[in-house]
Amino acid sequence: MSDRYELFLTCPKGLEGLLLEEAGKLGLEEAREQTSAIRGFAELETAYRLCLWSRLANRVLLVLKRFPVQDAESLYHGVLEVDWFEHLEPSGSLAVEFSGHGSGIDNTHFGALKVKDAIVDKLRQADGTRPSIDKLNPDLRIHLRLERGEAILSLDLSGHSLHQRGYRLQQGAAPLKENLAAAVLIRAGWPRIAAEGGALADPMCGVGTFLVEAAMIAADIAPNLKREQWGFSQWLGHVPALWKKLHGEAEQRAAAGLAKPPLWIRGYEADPRLIQPGRNNIERAGLSDWVKVYQGELATFEPRPDQHQKGLVVCNPPYGERLGDEASLLYLYQNLGERLRQACLGWEAAVFTGAPELGKRMGIRSHKQYAFWNGALPCKLLLIKVQPEQFVTGERRTPEQREREREQSELAASTSNHRGKAEPQAPVEQARLSEGGQMFANRLQKNLKQLGKWARREGIDCYRLYDADMPEYALAVDLYGDWVHVQEYAAPRSIDPEKAQARLFDALAAIPQALNVDKSKVIIKRRERQAGTKQYQRQSSQGQFMEVNEGGVKLLVNLTDYLDTGLFLDHRPLRLRIQREAAGKRFLNLFCYTATATVHAAKGGARSTTSVDLSKTYLDWARRNLSLNGFSDKHRLEQGDVMAWLAEDRGEYELIFIDPPTFSNSKRMEGVFDVQRDHVQLLDLAMARLAPGGVLYFSNNFRKFQLDEGLAARYALEEISAATLDPDFARNPKIHRAWRLSAQG
């Protein structure tokens, strides 16, 4: 193979020019722009450097071959001709992504299958060994782009998208992707301002993405320095010594950058729930000395750097695509303009907005505007020099007009804050559903008919009605009494974001009609942020708890404030089993969450219960769940890291329940908990606390989990997963796995 490769760097739409400039500085030669990508040529060292240092790219694709495609057969043979033994072990794993169409291949799934078949057929051994498919963490991620009869076959060196730097495990209502945030900062001139020792402030910082990206630029930290898994890690063409050299150089640069006096970088956020997640993200990035976050309203925003230096104000205000938001957002933008004029004279400002027309209401002119895309949403970056000559004075409205607008804004804001209370109760004619929306509605009604009978018979008022039954509508729909809780799963990369968004809107239009519920009682959450829309669907922080019934106990759920509701519906059978078996026993609940299983144990007559969790929030919730059912004394709630707590505990328990998270880290924990890595130690510690004749139930929902084979030699062990699923999870049997453990003999 040649020492010089053709490379494709993909990026969000609108970043091509910036990426071209960045990649050129990092060594990419003969580079030129394409839509959402650039291409050029470089040696492997430059390809590695682009992976490590590009702040703007999504992926670095190394082209293995270009060839003409007339039909599916020629596609197969073109891929087959590559010497795949140079790239992947026959026992390895791969994932294939296919984009484009033509030459009789109009289905990307079909195209991807053809590519996969060719690679597998090439590597298949006489003993039947062949590569397996692993879409999440493959040894090799292959990409084929079909364009105008030509196939471009590439190896994805990046693995997971490069915007995932690893520091942002916690997200707010509307975080920008890290590479888009970096692009905004670069366009706004932050590298120049930082080099001059300037300051940076974000008055609506969310979980701090702008702040972290700004500090990484200022401290010369490679954006992907902390990433451990790469697309090239298991590639047979990988040169570890070359990578180690580049990585070592980047570590030295980061150490030198962090040794400099830190710049003044500050964020302010009105929502108190986002302060700690923001600080956690900053700490994970290793930038706590550089970046500080405080709770603060926009109305009081006034950056005051230590040395009185000027700098950059950067922010990403809410977009407001929901009906009725316009007036309240107008007030927000007017307020932002007012704070810039009054508190930031001499600064530069960068306002990234999905509503550029509102930018005109700030009373201050932008000297430059750049078009960007935030996913499928067209956005503008407004660059402003905060100088009196830029203030708009000739177009001001009369005091009477301003007062009338302010009253309208406040009325609209109060209406949107108390949705449901201020809305008319008269019946509204339902919108006509699209063909897809009607199909979705029909499926919901069919499921409701089947599951509703079962739920009524069993006395269950919270259950899963729909779980991505139709691949196009990737949602989970749960009923909580007369409320509907909807979770949107992230669409696969092969799905056009605009189509995914259109389908989501189809589904949301169908739900109230199909289930005969008021729109205000439909709550939507996203497991992963989707472009633009989540920005204006900030969840409530009013702490509205609601009682639900399950197996004779009352439990509190909160549908709005958290990603999860406080009740894992799939564990209902396990909780009821614990209730049946708890009489007279000492019960231990580890990673107890809101202690719903403990309430069931108490209801079943447990002699005592002990529940352990790291989160004070969840333990407070647990206390309320117990009190709601009349249980208080005898029921211990312990805050702590489960592994450390277990190592010190000397109690004995006849019944133990463990349902750990897949992955957990916290300031209060020693290190990180990983269920696959740590489950043997966890179970050994817990089994040491199991009284003679006792039973331990262990469950988790990590899809790729493998129980260590050595455990069966030490304990009587039985997998009971199938017996712990009710009819509402029959369509998704992989939701969790569960085991029953007891002492041998």
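The values are calculated or read from the model by the stated rules, or taken from the named source; none is laboratory data. Note that the structure is a prediction, hence the values are computed from the model and not measured. So basically every Cβ, Gly included, is an ideal-geometry build from the backbone, and we count neighbours across all protein chains shown.
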- Can you tell me which residue among Leu225, Leu176, Leu162 is in a loop (DSSP other than H, G, I, E, B), more than 23 Å from Val314 (Cα to Cα) and of a type in the set (A, V, I, L, M)? Leu225
- Query: Being surrounded by 15 or more Cβ atoms within 10 Å (Cβ to Cβ), more than 24 Å from Arg740 (Cβ to Cβ) and within 24 Å of the chain's Cα centre (by Cα), is that true of even one residue in region 647-659?
  - Reply: no
- Taking region 624-637 as the search range and keeping residues that are surrounded by 15 or more Cβ atoms within 10 Å (Cβ to Cβ) and not in a helix (DSSP H, G or I), which one is modelled with the highest pLDDT? Leu637
- Task: Specify which of the listed residues (Ser161, Ser154) is within 20 Å of Gly100 (Cα to Cα) and touching a His at 6+ places or on another chain (Cβ under 6 Å).
- Result: Ser154
- Query: Quick one: how many residues across region 71-98 are in contact with a Lys or Arg (Cβ under 7 Å, 6 or more places away or on another chain) and acidic (Asp, Glu)?
  - Reply: 1
- Query: What is the residue count in region 118-143 for residues that are among the hydroxyl-bearing types (Ser, Thr, Tyr) and either on the phi > 0 side of the Ramachandran plot or part of a loop (DSSP other than H, G, I, E, B) (or both)?
  - Reply: 1
- Within region 430-451, is even one residue outside any helix (DSSP H, G or I), in contact with a Pro (Cβ under 9 Å, 6 or more places away or on another chain) and either closer than 19 Å to His571 by Cα or not assigned by TED's automatic domain parsing to the domain that holds Thr565 (or both)? yes
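For region 660-720, which fully contained strands (runs of 3 or more DSSP E) count at least 3 residues that are under 19 Å from Thr610 (Cβ atoms)? Spell out how you get there, then give the answer.
Working: elements: 663-665, 672-674, 690-700, 715-719.
By residue number, 690-700.
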- Among the residues of region 672-718, which ones are under 25 Å from the mean Cα position of the chain (by Cα) and either surrounded by 12 or more Cβ atoms within 10 Å (Cβ to Cβ) or closer than 13 Å to Leu741 by Cα (or both)? Phe673, Asp674, Val675, Gln676, Asp678, His679, Ser699, Asn700, Asn701, Phe702, Phe705
- Message: Between a residue in region 129-151 that is not assigned by TED's automatic domain parsing to the domain that holds His101 and any residue that is in a loop (DSSP other than H, G, I, E, B) and modelled with pLDDT of 95 or more, which pairs come within a Cβ distance under 6 Å, given they are 6 or more apart or on different chains?
- Response: none
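Looking only at region 55-80, count how many residues are part of a loop (DSSP other than H, G, I, E, B) and without any contact (Cβ under 8 Å) to a residue 12 or more places away in the chain.
So the answer is 0.
Which is among the small types (Gly, Ala, Ser), on the phi > 0 side of the Ramachandran plot and either crowded, with 21+ Cβ neighbours inside 10 Å or modelled with pLDDT under 95 (or both), of Gly172, Gly166?
Residue meeting the stated conditions: Gly166.
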- Message: Can you find, within region 102-117, the residue that is surrounded by the most Cβ atoms within 10 Å (Cβ to Cβ) among those that are of a type in the set (Gly, Ala, Ser) and assigned to a loop (DSSP other than H, G, I, E, B)?
- Response: Ser103
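So, Glu6, is that one among the acidic types (Asp, Glu), touching a helix residue (DSSP H, G or I) at 6+ places or on another chain (Cβ under 8 Å) and assigned to a strand (DSSP E or B) or not?
Judged against the criteria, Glu6 is not a match.
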- Being at pLDDT 95 or above, under 19 Å from Leu707 (Cβ atoms) and among the acidic types (Asp, Glu) is the filter here, so list the residues in region 638-677 that pass it. Asp659
- Query: Which of the following residues is in contact with a helix residue (DSSP H, G or I) (Cβ under 8 Å, 6 or more places away or on another chain), among the aliphatic types (A, V, I, L, M) and assigned by TED's automatic domain parsing to the domain that holds Met362: Leu298, Leu274, Leu246?
  - Reply: Leu298
- Do we find that Ala601 is within 15 Å of Leu637 (Cβ to Cβ), in a helix (DSSP H, G or I), out of contact with any Ser or Thr (no Cβ under 8 Å at 6 or more places or on another chain) and among the hydrophobic types (A, V, I, L, M, F, W, C) in this structure? no
- Message: With out of contact with any helix residue (DSSP H, G or I) (no Cβ under 7 Å at 6 or more places or on another chain) and in contact (Cβ under 8 Å) with a residue 24 or more places away in the chain as the only criterion, which of Ala126, Ala118, Ala95 stands out?
- Response: Ala95
- Quick count over region 118-161, residues being loosely packed, with under 15 Cβ neighbours inside 10 Å and in contact with a Leu (Cβ under 9 Å, 6 or more places away or on another chain), is 4
- Task: Can you run down the residue pairs with Cβ atoms below 8 Å, 6 or more apart or on separate chains, where the first is in region 618-633 and farther than 16 Å from Asn558 by Cβ and the partner is among the small types (Gly, Ala, Ser) and assigned to a loop (DSSP other than H, G, I, E, B)?
- Result: Leu626/Ala595
- Message: Suppose the filter is at pLDDT below 95 and in a strand (DSSP E or B); does Ser99 pass it?
- Response: yes
- Query: Does any residue in region 270-286 that is part of a loop (DSSP other than H, G, I, E, B) come within less than 6 Å, Cβ to Cβ, of a residue that is aliphatic (A, V, I, L, M) six or more places away or on a different chain, and which pairs are these?
  - Reply: Ala285/Val212
- Item | Every residue from region 608-623 that is buried (at least 22 other Cβ atoms within 10 Å of the Cβ), more than 26 Å from the chain's Cα centre (by Cα) and charged (D, E, K, R) | none
